[in-house]
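Taken together, the values in this text are just the output of simple stated rules run on the coordinates, not laboratory data. As the structure is a computational prediction, the values presented were derived from the model and not from experiment. Positions of Cβ are generated from backbone atoms using ideal geometry, with glycine treated the same way; all protein chains shown enter the neighbour counts.
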Amino acid sequence: MPCTATRANTITAAKTIDVFDPSQFDAASIRSHPSGASVRRVLAAAFNAVEPGAAVKKFLGEHPLPLGKRIFAFGLGKAACAMTNALADVSQPVDALLITKHALTP
């Protein structure tokens, strides 16, 4: 997934959006299990709980950024793009530095 940032015009509380749906875990082995539907819901909930972008949006919704301050983003690792995109959805970063394993050039 490319790392692209978008900017919002205002700082608002973010809603948590589920990235993973139970249907994405519809493997034959799970489908044939008597509790397959429950297993799919548990897997989706577990993945949604640790999705980095959703975690940032949840945190920023509970701890709003101060208005009128310059915001810089610094991210390291695999989750840097998802976390910075989530930040950019609710704020206007002045600049960002992301260091990941794979680089994309515009």
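Taking amide H positions as modeled 1.01 Å from N, with prolines and chain starts lacking one, the residues under 5 Å from residue 75 and 5 or more places away or on another chain are 97, 98, 99. Distance between the pseudo-spin-label points of residue 38 and residue 78 (7 Å out from Cα toward the beta carbon): 2.9 nm. Spin-label model, residue 21 to residue 100: label points 7 Å out along the Cα-to-beta-carbon direction sit 2.4 nm apart. The trypsin sites (Lys or Arg not before Pro) of the stretch 34-87 that meet both conditions, a loop assignment by DSSP and at most 13 other Cβ atoms within 10 Å of the site Cβ, are 69, 70, 78. For the stretch 22-99, the normalised intensity computed at q = 0.25 Å⁻¹ comes to -1.10 (log10 of I(q)/I(0), Debye sum over alpha carbons, equal scatterers, no solvent).
By the count of other C-beta atoms within 10 Å, a proxy for reagent exposure, 43, 60 are ordered fewest to most as 43, 60.
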